[in-house]
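**Q** Shown below is the structure under consideration.
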Amino acid sequence: MSIEQKAERFLFNEYSLTNPLARTKVSIKPLSASLKQRHCNQPIAFEHKPGRASRANIKAVCQQPKWSIYISAIIEQWQPIAVTSRALSKGTILGDTDLYLKEFDVRRLNSPYYTDPGELIGRAVKRAVAANQIISPTLIKKRMLIHKGDLVYIEARKGAMTIRMSGVAQKGGALGEQIPVINNRSGKTVRGYVKSQGVISVSGN
């Protein structure tokens, strides 16, 4: 196996670990004829720390005889990303037909993205969005599971037992957010974490 092939295999393994769900592709820049002929009496070691850039430089090191060279490569990691299937107006609630998956080289994307359209269903877009546009967190509102004034259940755990009481939400909240709720029985305000639609937990997330 040539130095280039060994370097390609090394980089493929390294970057596959950083994103195992992506289809990783490594393109090695060909070495000059003189570098290709370098001989090593021991297994060549490679030094490289994976980063976010598409371009990568890897150091090949030989101990016997002692030499080292740098090899350049282009790293691609292709993954299906959620994009809009049509143009959407501000305030549109995302449904199944509004999204589809399209493969992108995610190493070239500068903003966060979603790989599971299910995470976006039920959320509203903050502004008009064109068709075939990648959905990023800045384009959508949080999915509010509880709205101010909603009748909710307050869950409290005592050992293996779960106690449920009713209350009225004093603020809206998305999953995991802490909101104040008035306990209908005691009239006191408690703070709990939004657990699911219409349910908060005062025992933590």
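The values are calculated or read from the model by the stated rules, or taken from the named source; none is laboratory data. Predicted model only: the values in this text are computed from it and were never measured. All Cβ positions, glycine included, derive from the backbone under ideal geometry; neighbour counts span all protein chains shown. Remember, those area values only see protein heavy atoms, side chains included, never the ligands or the DNA or RNA. Shrake-Rupley method; radii C 1.70, N 1.55, O 1.52, S 1.80 Å.
**Q** Given the -39500 (n - 2.57) contribution per DSSP H run of 4+ residues, what per-residue ellipticity at 222 nm results for the chain, rounded to the nearest 500 deg cm²/dmol? Before the final figure, lay out the partial values.
**A** Details: 2 runs with 20 residues, N = 205.
Counting only the DSSP helices, I get -3000 deg cm²/dmol.
**Q** What's the tally of Lys pairs in segment 136-205 whose alpha-carbon atoms lie under 22 angstrom apart, where the two lysines are 8 or more places apart or on different chains?
**A** So the count of such lysine pairs works out to 11.
**Q** Could you pull out every one of the aspartates and glutamates with an alpha carbon less than 13 Å from that of K59, ignoring same-chain neighbours closer than 8 positions?
**A** Straight-distance partners of K59: E4, E8, E47.
**Q** Further, regarding this structure: Are there any trypsin sites (Lys or Arg not before Pro) in segment 38-77 that are in a DSSP loop and have at most 12 other Cβ atoms within 10 Å? List them by number.
**A** Numbers: sites: R38, R52, R55, K59, K66; in loops: R38, R52.
Of the trypsin sites (Lys or Arg not before Pro), the ones in loops of segment 38-77 whose Cβ has at most 12 other Cβ atoms within 10 Å are R52.
**Q** Tell me, what is the 1.4 Å probe accessible area of V152, in Å² to the nearest 10?
**A** 0
**Q** Let me ask you something else. Of the listed values [x] 11.5; [y] 13.0; [z] 17.6, identify the label whose number matches mean projected area of the Cα convex hull in nm² calculated from this model.
**A** Computing mean projected area of the Cα convex hull in nm² and matching it to [x] 11.5; [y] 13.0; [z] 17.6 gives [z].
**Q** Name the aspartates and glutamates eligible as straight-distance cross-link partners of K126: C-alpha to C-alpha under 17 Å, and not fewer than 8 places from it in the same chain.
**A** D98
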